[in-house]
Protein chains: 2
Amino acid sequence: MPGSCSFRVIHRAGGARAGEFQTPHGRVQTPAFAPVGTRGALKGVTHRDVLDLGAEIILTNTYHLHLRPGAPLIAQAGGLHRFIGWDRPVVTDSGGYQVFSLGDRREISEEGVVFRSHLDGSLQQLTPENVVDIQAQLGSDVAMAFDECPSYGVSEIEVRDSMERTLRWARRGRDRFLDTTEHPDVLEGEVSNSGQVQFGIVQGGVFKALRDESARGTVALGFEGFAIGGLSVGEPVAVMYDIVEHTTQSLPDDRVRYLMGTGTPQDLVECVARGVDLFDCVLPTRNARNGQLLTREGPLSIKQARFAEDLRPPDQDCECYTCRRFSRAYLRYLFVAGEMTARTLNTLHNIHFYLDTMRRMRNAIELGSFETFRQRFHETFSRRPRS
Amino acid sequence: MPGSCSFRVIHRAGGARAGEFQTPHGRVQTPAFAPVGTRGALKGVTHRDVLDLGAEIILTNTYHLHLRPGAPLIAQAGGLHRFIGWDRPVVTDSGGYQVFSLGDRREISEEGVVFRSHLDGSLQQLTPENVVDIQAQLGSDVAMAFDECPSYGVSEIEVRDSMERTLRWARRGRDRFLDTTEHPDVLEGEVSNSGQVQFGIVQGGVFKALRDESARGTVALGFEGFAIGGLSVGEPVAVMYDIVEHTTQSLPDDRVRYLMGTGTPQDLVECVARGVDLFDCVLPTRNARNGQLLTREGPLSIKQARFAEDLRPPDQDCECYTCRRFSRAYLRYLFVAGEMTARTLNTLHNIHFYLDTMRRMRNAIELGSFETFRQRFHETFSRRPRS
């Protein structure tokens, strides 16, 4: 495996796996959740807090960091880890998803995507090759290939076209990655992390035949790990689970499987059961800022009047700082009063909840009791907000 | 001294004092700075962070907490410390300053102040007596007497009227405090902190004769500590220093002297030199949120373009988390990008700067080198933002 990453599965429970992913910036115990710091910071919490919560890997975004502050500055600072003050593993998403979300401010061609910056309207281009180069400058531990992510509801023909283009882009991106890994001098900028590895992204929407083709083609390119992209874009949850289960079976057993941009706590449990090793999602942090706290008994909307005099912690069994020190009444009061610290305390709790759920899954897999965990989890955690 | 607070001066350097203020929630080494968490939270940082920064006392506000969430809830939660998750000493300002800031939404009479809540327009009343009762329920370590705080530029006759009313209010508030301390059952709510003490507030604007009268009258009432109120309201800095110097001389040597709502780092140094033991001010936290970082070489406006590629920490000599881990370039980038975490990191730094300045002053007083410290401080720290 090029780069200095390695992955091994240590325990199994049905389709679920517990493993270790070694990176130049340390070990990630899988299944793992990567909190999202799109622009190089998690909203409302410091990296010190995130480390304290036990996160072993975070996600940032190539698209955002490329536009501002730019990869050259970050390389000059010694790379992303140094620049953002986070010494542990980092994944950089390629920006494909973000660029396609720009709608009519972008134009896709075989070459890549030309778009107007959402910041200053300047004309920008991302290609499979320059996305590799930018990520080399950023120096993340895991660089993602540049993919196209079609919306849900698009016809099979369109999804096929898009998937095939993603495959062609994957080959170009992989070639560029291997070239520049062997000959870093071909890069314009500096390489900030010589141990960086590259993950390919399987697309194909909700069509199993397309997922098969995409997986076959992507795996053949020899990436160090494989992501499942293009889910959690509006399809029914049962369909997502079905596609995840189908796709993981087409991926090599000895490489990390990363489900991108997903999901709810139930999704984590169900997709770990289906063989996923790594997740990222803005949900815990975004919902925290909107006043939704996740608890073992389900989501809790802290702004509700019924919590005004509720002196219990958000989650009685939770060990996080927020739950150990603060009541629902205090958190509701702060939230309603518009105090920034409400968002911070809610975010600390939700990240803890996600990371703790992952830890409990790892333990259960190790102990051979994952199915029991899974059942109990669903018995107590309801997707519907309690109201 | 009623309550379980005590104060002793341990070292002196000219007018400057280094001492220890013991409260039911621990010791405060003076001179001390109390970060401001008006509504029971510091904006953008957690109490855990504030403790980690070395703060030994914080300020909250009776007016705000009375209107929301209300003292009964806080008493029910076991008092303010428990409710807000801060185990160390707390001062509650009486709310006088806030009520007078309401302008035509309040009416002052001899009885007290009737006003419309800024939250729901409801009619509310604060009196010297109920402010004592509310603070008893909150259970702060230091309760402030209810005072009237005239604006700068008001005539001497008006300031005299106001100062005399504040004195009459101080007597009523003190009587109520002593009554309820001896007979807690006369209170409607619960007493959350039986060791609470009460500080009187000296008013009198910029008129020395009025300050003298106010100090004499307030001291005669036997408060456990004394505040200087009604400064930093628009008067020239030299006038403020002069009034502070004049007023501290009229205050007992064996009680804490607390200068309210002040000030800049220079103000801290100059007022410590004039015998002040305790300060509070929103400036370090508010300015942090606006992108102004305080450094030993003066204020630094992080949003300026010249910091875009500046990879140095905000303050080269600073030991805070922000300066140890982040560059001006990163902090500027986060601030310009509107990331919440920028405000958190800036706030951590500025609180550290204030607390560190206090620590360095205490050390200098203990070592007999306060005058040298004071000179050097002014040589390197310029009030004018560097631009």
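Since every read-out is calculated from the coordinates, none of them should be taken as a lab result. Since the structure is predicted, the reported quantities are computational estimates derived from the model, not experimental observations. Here Cβ is always computed from backbone atoms with ideal geometry, including for glycine, and neighbour counts include all displayed protein chains.
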Exercise for the section: Identify which of B:Q196, B:Q29, B:Q98 has the largest mean-square fluctuation in a Gaussian network model of chain B, with springs joining Cα atoms closer than 10 Å. Expected result: B:Q98
Exercise for the section: Would you mind telling me the antiparallel percentage of the DSSP bridges in the protein assembly as shown, rounded to 5? Expected result: 50
Problem - 3J(HN,Hα) from dihedral phi, the range B:280-285, Karplus parametrisation 6.51/-1.76/1.60, rounded to Hz, x for glycine, proline - result: 9, 5, 7, 4, x, 7
Problem - Gaussian network model of chain A, Cα within-10 Å springs - most flexible of A:R376, A:R296, A:R362 - result: A:R376
Exercise for the section: With a 4.7 Å Cβ cut-off, tell me which Cys residues in chain B come up empty for a partner. Expected result: B:C5, B:C149, B:C271, B:C281, B:C320
Handout entry: Nearest-first distances (nm) between copies at A:L178, label 7 Å from Cα via Cβ
Key = 9.0
Handout entry: Degrees, to the nearest 10: A:208-220 long Cα axis against longest axis of chain A
Key = 60
Completion exercise
Between the residues B:T38, B:F21, B:F100, the Cα farthest towards the positive end of the dipole of chain B, that dipole coming from +1 and -1 charges on the beta-carbon of Lys, Arg, Asp and Glu, is from B:T38
Fill in the blank from the handout: Inter-part gap, Cα centre of the range A:339-382 to Cα centre of the range B:187-236, in whole angstrom, is 51
Handout entry: the range A:108-147: mean projected area of Cα convex hull, nm²
Key = 3.3
Problem - Residue of A:P69, A:P24, A:P314 that the Gaussian network model of chain A assigns the largest fluctuation, springs spanning Cα pairs under 10 Å - result: A:P69
Practice task
Binning at 5 Å from 0, report for the range A:246-296 what percent of all alpha-carbon pair distances ends up in each bin.
Solution key: 4, 20, 26, 20, 14, 8, 6, 3
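Which whole-number percent gives the relative contact order of the range B:161-223, counting Cα pairs below 8 Å spaced six or more residues apart? Walk me through the numbers on the way to the answer.
Numbers: 43 pairs, mean separation 25.9, N = 63.
Computed over the range B:161-223, the figure is 41 percent.
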Problem - Percent RCO, i.e. relative contact order, over chain A, from Cα pairs under 8 Å lying at least 6 residues apart - result: 18
Exercise for the section: Amide H neighbours of B:R12 under 5 Å, at least 5 residues apart or on other chains, H built in the peptide plane: list them. Expected result: B:A18
Practice task
Calculate the dipole size of the protein assembly as shown relative to its Cα centre from +1 charges on Lys and Arg beta carbons and -1 charges on Asp and Glu beta carbons; express the result in debye to the nearest 20.
Solution key: 140
Handout entry: Fraction of antiparallel bridges per DSSP, chain A only, in percent to nearest 5
Key = 50
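Which net charge results for the neighbourhood of A:D179, defined as the other residues with beta-carbon distances under 11 angstrom from its beta-carbon, given Lys and Arg at +1 and Asp and Glu at -1?
Here the count lands on -2.
Could you grab the Rg to Rh ratio for the range B:168-264? Cα atoms only, Kirkwood for Rh. Don't skip to the answer; put the middle values down first.
Values: Rg = 15.1 Å, Rh = 14.5 Å.
Rg/Rh: 1.04.
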Completion exercise
Restricting to Cα pairs under 8 Å and 6 or more apart, the percent relative contact order of the range B:305-387 works out to 21
Exercise for the section: One decimal, nm, shortest first: give the distances between the label point of A:L123 and those of the same position in the other copies, each label point 7 Å from Cα along Cα→Cβ. Expected result: 6.8
Completion exercise
Cβ-Cβ cut-off under 15 Å around A:A308, Lys and Arg +1, Asp and Glu -1: the net charge is +3
Handout entry: Kirkwood hydrodynamic radius (C-alpha pairs) into Stokes-Einstein, the range A:71-193, 25 °C and 0.890 mPa s, D in µm²/s
Key = 160
Practice task
Excluding A:Q76 itself, calculate the net charge of residues whose Cβ lies under 12 Å from the Cβ of A:Q76, where each Lys or Arg counts +1 and each Asp or Glu counts -1.
Solution key: -2
Exercise for the section: Any chance you could check the Cα centroid distance between the range B:1-62 and the range A:299-331 for me, in angstrom? Expected result: 28
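How large is the helix-only mean residue ellipticity at 222 nm for chain B, computed as the sum of -39500 (n - 2.57) over DSSP H runs with n ≥ 4, divided by its residue count, in deg cm²/dmol to the nearest 500?
It lands at -12500 deg cm²/dmol.
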Practice task
Starting from one equal scatterer on each C-alpha and no solvent at all, send me the Debye-based log10 I(q)/I(0) for chain A at q = 0.08 Å⁻¹, two decimals.
Solution key: -0.40
Completion exercise
Residue-ordered couplings for the range A:63-71, obtained by feeding phi - 60° into the Karplus form 6.51 cos²θ - 1.76 cosθ + 1.60 and rounding to whole Hz (Gly and Pro as x), are 4, 5, 6, 5, 6, 7, x, x, 5
Problem - C-alpha center-to-center spacing [the range A:261-279, the range A:63-131] in angstrom - result: 26
Handout entry: All-pairs Cα distance distribution in the range A:271-350, expressed in whole percent, bin size 10 Å
Key = 20, 51, 20, 9, 1
Problem - Built amide H within the under 5 Å cut-off of B:I201, gap 5+ - result: B:A145, B:A227
Problem - Overall dimensions of the range A:1-154 by Cα: Rg and Dmax, Å - result: 16.6, 50
Fill in the blank from the handout: Going residue by residue through the range B:135-143, the Karplus relation 6.51 cos²θ - 1.76 cosθ + 1.60 with θ = phi - 60° gives ³J(HN,Hα) values, rounded to whole Hz and with x marking Gly or Pro, of 5, 5, 5, 5, x, 5, 7, 10, 9
Problem - Reachable lysines from A:K43, criterion Cα separation under 27 angstrom, eight or more residues apart if same chain - result: A:K303, B:K43, B:K303
Exercise for the section: Please report, largest first and rounded to whole Å, the three semi-axes of the ellipsoid equivalent to the protein assembly as shown, where each semi-axis is the square root of five times an eigenvalue of the C-alpha gyration tensor. Expected result: 57, 29, 21
Practice task
Report, for A:G78, each distance to the same residue's label point in the other copies, shortest first and in nm; define the point 7 Å along Cα→Cβ.
Solution key: 4.3
Fill in the blank from the handout: Any residue on another chain or 5+ positions along whose placed amide H is under 5 Å from the amide H of A:R27 is listed here as none
Fill in the blank from the handout: Treating only Lys and Arg (+1) and Asp and Glu (-1) as charged, each at its beta carbon, one finds that chain A has a dipole about its Cα centre, in Debye to the nearest 20, of 1460
Handout entry: Antiparallel content of DSSP bridges confined to the range B:1-145, in %, to 5
Key = 75
